[in-house]
Amino acid sequence: MINEKENLFICENCQKQILNPPIGTANRNHCPFCLWSKHVDEIEAGDRASKCRKLMKPIGLTFKQEGFDKYGKMPPGELMLIHRCQSCGKISINRIAGDDDNQTIWEVFENSQKLTQRTLDELIGQNIKIVKSSQKNQMLTQLNGQR
């Protein structure tokens with residue numbers, strides 16, 4: 001439920017009151033406490049064109065693919081959340097906001113290490129590479145540097 005006057009909404013997963021948008025971003029697409037989202041975008045971030053409107057669970061983390069650096073290497077880009085709609089199964093990636101809970105991000109990372117091969121194959125099919133345990137230090141560096 002959104003209170004347009006105060007730009008607040010209640011998270012449908014954890015029931016906490018959320019400021020929308022957070023300071024420094026154009027819009028919010030997930031709860032900063034539980035990291036759950038709502039399936040509101042269909043084709044691109046911010047389009048709010050989805051008819052599904054069901055909850056999206058955070059299932060993992062990925063690094064945004066941003067291209068090669070001046071040395072011809074592809075460094076990891078911005079850390080992103082991976083969400084899956086609990087109704088239609090759509091997968092999307094979303095920016096981590098500055099007020100997102102680091103402990104919950106860590107829990108999403110830990111849980112993502114136990115995803116089924118079927119889910120991992122589905123992510124790979126959409127060119128989404130999940131953050132692996134070998135990339136833990138890169139992830140932590142970004143989290144600590146963002147806050």
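The values are calculated or read from the model by the stated rules, or taken from the named source; none is laboratory data. This is a predicted model, so every value here is computed, not measured. Glycine gets a Cβ as well: all are built from the backbone with ideal geometry, and neighbour counts include every protein chain shown.
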Q) Between a first residue in region 119-144 that is farther than 26 Å from Gly89 by Cα and a second residue that is assigned to a helix (DSSP H, G or I), which pairs have beta carbons less than 6 Å apart while being 6 or more apart in sequence or on different chains? A) Leu143/Asn102
Q.
Just to be sure I understand, how many residues within region 28-42 are more than 15 Å from Gln17 (Cβ to Cβ) and in contact (Cβ under 8 Å) with a residue 60 or more places away in the chain?
A. 2
Q.
I need every pair where a residue in region 72-97 that is farther than 14 Å from Thr62 by Cα and of a type in the set (Lys, Arg) has its Cβ under 8 Å from the Cβ of a residue that is at pLDDT below 95 and in a strand (DSSP E or B), sequence separation at least 6 or different chains.
A. none
**Q.** Matching residues in region 81-109 - criterion: being among the hydrophobic types (A, V, I, L, M, F, W, C) and within 17 Å of Gly145 (Cα to Cα)
**A.** Leu81, Ile96, Ala97, Ile105, Trp106
Q) Does any residue of region 87-104 turn out to be of a type in the set (S, T, N, Q), assigned to a loop (DSSP other than H, G, I, E, B) and under 21 Å from Lys54 (Cβ atoms)? A) yes
Q: Name every residue in region 65-84 that is farther than 20 Å from Thr141 by Cα and at pLDDT 95 or above, in order of residue number.
A: His83, Arg84
(Q) Filter region 108-147 down to the residues that are out of contact with any Leu (no Cβ under 9 Å at 6 or more places or on another chain) and part of a loop (DSSP other than H, G, I, E, B) and list them by number. (A) Gln113, Lys114, Thr116, Gln126, Asn127, Ile128, Lys132, Arg147
Q | Residue check, Asp121 at pLDDT 95 or above, out of contact with any strand residue (DSSP E or B) (no Cβ under 6 Å at 6 or more places or on another chain) and of a type outside the set (Ser, Thr, Tyr) | A | yes
(Q) Against the conditions (1) in contact with a Pro (Cβ under 6 Å, 6 or more places away or on another chain); (2) more than 25 Å from Ala49 (Cα to Cα); (3) at pLDDT 90 or above, where does Ser112 fall short? Just the number, please. (A) (1)
